[in-house]
Every structure is written in structure tokens, then in C-alpha cells.
Amino acid sequence: MPRKIIAIAKGDGVGPEVVNEGIKILKVLEKYSDYSFDFVETPLGGQVLKDTGTNLPTKSFDLMKKSDAILFGAIGLPDLPLGVAETAILKIRHGLNQYVNLRPAKLYEPLRDKCPLKEEYIQNGIDITTIRENTEGLYAKIGKKDVNSAENLMRYSRTAVERLIKYGFEYAMRKGHSEVISVDKANLLECSQFWREIYQDIGQNYPSLTQKNFYVDAFCQWLIRKPYTVQTVVTENMFGDIISDEAAYLIGSLGMAASGNINPDGISMYEPIHGSAPDIAGQGIANPIGTILSVKLMLEESFQDDHFGPLIEDSIVESLGIGRTLDILPLVSSANSHFKTLNTQEMGDLILALLQKRLKV
Ligand code: IPM
Ligand code: MN
């Protein structure tokens with residue numbers, strides 16, 4: 001297998017702590033498979049902005065453009081003005097045409113008690129993938145603001161909507177799903193009416209997949225009412241931002257959720273969705289599982305590898321019965337005694353050891 005170049009964008013806050021655990025997983029794969037990786041540091045984010053005057057140095061972005069995939073931690077510093085560091089991520093999403101934001105949220109059985117919903121709302125489990133448009137809508141950044149008013153423009157091109165929705169239907173087929181939900185606000189917004197028309201058109205090519213439209217407000221309710229029925233969801237950029245955070249909390253902790261900014265024909269970027277978490281940064285207590293699951297997503301989506309992903313996932317599930325980071329300790333404090341409380345590195349090492357066991361056989 002050819003050597004893969006992985007751009008490493010650790011960023012701010014807990015970013016470096018969790019990305020280090022992701023790198024460890026890739027390094028162990030090198031030992032037990034044909035994979036070999038070149039890790040190339042591509043600094044970016046709030047601290048880099050303070051040091052160099054830009055949140056995404058040209059050198060970092062050029063290296064990303066030469067990579068096979070990007071592993072990203074988090075960006076944002078509490079003492080910077082709002083949005084100043086965060087635009088780096090939009091520059092990458094737009095600049096590399098990563099038009100799909102893939103956000104799977106699966107509740108692992110050992111974490112059932114960490115789901116904020118009662119049993120009757122969980123039933124046979126939660127496994128929801130939000131497929132979020134990642135390049136247009138309000139995020140296109142053609143906004144302006146003065147003392148008296150501010151505006152952002154929601155605009156969608158046919159190209160952007162078609163490619164996202166097609167990806168969603170193809171993803172559902174690939175995963176053996178039976179339904180694709182589209183979330184919009186077509187009772188008001190022209191962009192959503194446009195979206196819905198395209199969804200219905202494309203859906204005709206997938207007769208085996210049931211189609212369902214939800215207004216975004218109703219869908220936010222549906223997500224806590226019948227989450228166990230939801231499979232693949234396609235939606236526009238900001239709605240997807242919001243509902244994927246809601247879905248991520250249903251699986252026990254934001255720290256568990258992975259994502260991929262995907263360009264199916266180009267370079268994709270994988271990141272945990274939790275953000276820089278300045279309140280716990282530097283303490284070594286962040287949950288690395290969102291990042292490790294992002295590595296799994298990288299193998300599956302960038303390297304078309306269906307073999308190692310399940311081994312990583314099984315190792316995570318097994319680890320959850322042994323030790324856990326603070327955010328996923330059981331709610332009932334007396335039950336805590338069953339689990340070792342682990343820091344970021346220890347959680348990573350535990351998963352690594354369990355993965356190694358699987359790779360050796
Ligand atoms: C995310 C984040 C970003 C977004 C921010 C940091 C711009 O919340 O990846 O979901 O809204 O897309
Ligand atoms: Mn978000």
C-alpha cells in the first residue's frame with residue numbers, strides 16, 4: 001500500500017491532547033498492517049493567529065493540499081474575539097471543497113445509561129448519521145455588520161444541493177439503511193423549497209429508500225422523541241450544525257462524536273465535534289474517543305478500508321467496560337467503582353492495547 005501523508009492540525013485547547021491519541025492509533029496500524037504514514041504538522045487556529053497574524057498559515061494549507069487526509073483537533077481561544085479563530089476551518093472546508101460534513105452518532109450499549117433519554121425513547125438503540133451540506137448556506141460568509149444592522153445571506157446552488165443529497169442517498173445504500181430523512185424549513189424558506197424539490201427528484205432514483213421530509217423545528221423534537229427510528233439525515237449547513245450537536249449528546253457525551261469533512265474526490269478532514277473546550281484544556285482529561293472514531297472514519301472514507309474500522313470500534317466498546325474518562329463515567333455515583341477513571345492518555349492507551357490484541361490475531 002502506498003505511503004499516506006496525514007496532515008496533523010492539532011489547533012487549540014484540548015485539540016493537541018486528543019489528536020495525539022488519534023496518531024497513536026494510526027501508528028499501531030502501521031505495525032500490524034501494510035499501512036505506512038507520514039505525519040506532517042500543519043499548525044493553525046487561535047494561538048497560531050496570535051503568533052503569526054493568520055489562523056491558517058499558507059504553509060500549513062499548502063501542506064494540507066499535498067496530503068492524503070487531515071486529522072484535525074479543535075480551534076478557538078476564549079480571549080479572542082468571536083469567530084476570529086474559527087474561520088480557519090471554513091477556509092479548509094471551502095478551499096478543499098469538502099462539501100459533505102459526515103456526522104455519525106452511535107450510542108454504544110455500555111453508555112446506555114449516559115443517554116439523557118429514558119429507556120422507552122432509546123429502545124433498540126441510537127445510530128444516526130447527519131449528512132450536512134458543508135460549503136454553502138449561511139456559512140458562505142458573505143455577511144456584513146454595522147452598528148444598526150447585520151446580515152447573512154442564505155443561498156444555495158443546484159450543484160451544492162444535488163451533490164450533497166446524492167451523497168446522502170448513496171451513503172444510506174452503502175450502510176443498508178431503509179430511509180433517508182431530509183430536514184428543511186420549506187414552510188417558509190425558498191432555499192428549503194429548492195432543497196426539497198431536489199431531494200424529491202433525486203430520491204426517485206432510490207426506490208428502495210423511504211423518503212421523509214421534516215421541518216427543522218419538528219425534527220429537533222423527533223430526535224428526542226423517536227431517535228431510535230432515525231438513520232440517515234440530509235440537511236443544509238446550519239441546520240446540520242445544530243442537529244448534529246443534539247444527536248451527539250444522545251450518545252452520552254459530545255466527547256464521543258466524530259466527523260468527517262469530506263470531498264469524495266479530493267482531500268478530506270476528520271475531527272471530533274467537541275471543539276476546543278477551554279474549560280478543561282491542559283488538564284489531560286478530555287475524552288479522546290471522538291478523535292479515535294474520526295480516525296476510523298478516515299480509514300473508511302478516505303482509504304476505502306472496511307477492515308480496521310470495526311476493530312477500532314470493537315476496541316472502544318470493550319474499553320468502555322473497563323475504564324472511562326470523566327465525561328462518560330456512569331451517572332449513578334455508586335456505580336463509579338466498577339470503572340477506572342482514566343485521563344486522556346490512559347483512555348487512548350487502553351483502546352490501543354485492546355486494538356493491538358485484535359490486530360495480532
Ligand atoms: C462545527 C463547529 C463549527 C461549525 C464552528 C467552529 C464554525 O461548530 O464544526 O460544527 O459551526 O461548523
Ligand atoms: Mn457545531
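In the set 101, 55, which member is farther than 25 Å from residue 299 by Cα and either away from ligand 1 (no atom under 15 Å from the Cβ) or surrounded by 15 or more Cβ atoms within 10 Å (Cβ to Cβ) (or both)?
Sole residue among the options that is farther than 25 Å from residue 299 by Cα and either away from ligand 1 (no atom under 15 Å from the Cβ) or surrounded by 15 or more Cβ atoms within 10 Å (Cβ to Cβ) (or both): 55.
Inspect region 134-144 for any residue being within 30 Å of residue 304 (Cα to Cα) and in contact with a Pro (Cβ under 7 Å, 6 or more places away or on another chain) and give the result as yes or no.
Within region 134-144 (the criterion being within 30 Å of residue 304 (Cα to Cα) and in contact with a Pro (Cβ under 7 Å, 6 or more places away or on another chain)), the answer is no, since none of the residues qualifies.
Can you name every residue in region 108-148 that is part of a strand (DSSP E or B) and within 16 Å of ligand 1 (Cβ to nearest atom)?
Once the filter is applied, which keeps residues that are part of a strand (DSSP E or B) and within 16 Å of ligand 1 (Cβ to nearest atom), region 108-148 yields 128, 129, 130, 131, 132, 133.
Which of the numbered conditions does residue 70 fail, given that it passes all the others? Conditions: (1) among the hydrophobic types (A, V, I, L, M, F, W, C); (2) outside any loop (DSSP other than H, G, I, E, B); (3) within 16 Å of ligand 2 (Cβ to nearest atom).
Exception for residue 70: condition (3).
Would you please list the contacts, defined by Cβ atoms under 8 Å and residues six or more apart or on different chains, that run from a residue in region 227-251 that is of a type in the set (Asp, Glu) to a residue that is within 10 Å of ligand 2 (Cβ to nearest atom)?
236/132; 241/132; 245/254; 245/273
Say we look at region 84-107 and pick out the residues that are of a type in the set (A, V, I, L, M) and not in a helix (DSSP H, G or I); which of these is nearest to residue 49 (Cα to Cα)?
So, considering only residues that are of a type in the set (A, V, I, L, M) and not in a helix (DSSP H, G or I), the one nearest to residue 49 (Cα to Cα) is 85.
Got a number for residues in region 174-184 being under 22 Å from residue 237 (Cα atoms) and surrounded by fewer than 20 Cβ atoms within 10 Å (Cβ to Cβ)?
Of the residues in region 174-184, 1 are under 22 Å from residue 237 (Cα atoms) and surrounded by fewer than 20 Cβ atoms within 10 Å (Cβ to Cβ).
Check off (1) of a type outside the set (Asp, Glu); (2) crowded, with 22+ Cβ neighbours inside 10 Å; (3) touching a helix residue (DSSP H, G or I) at 6+ places or on another chain (Cβ under 6 Å) for residue 77 and give me the number that stays unchecked.
Here residue 77 clears every test but (2).
Taken together, the values in this text are just the output of simple stated rules run on the coordinates, not laboratory data. Keep in mind that this is a model prediction, so the values were computed, not measured. No Cβ is skipped: glycine too gets one built from the backbone with ideal geometry, and neighbour counts run over all protein chains shown.
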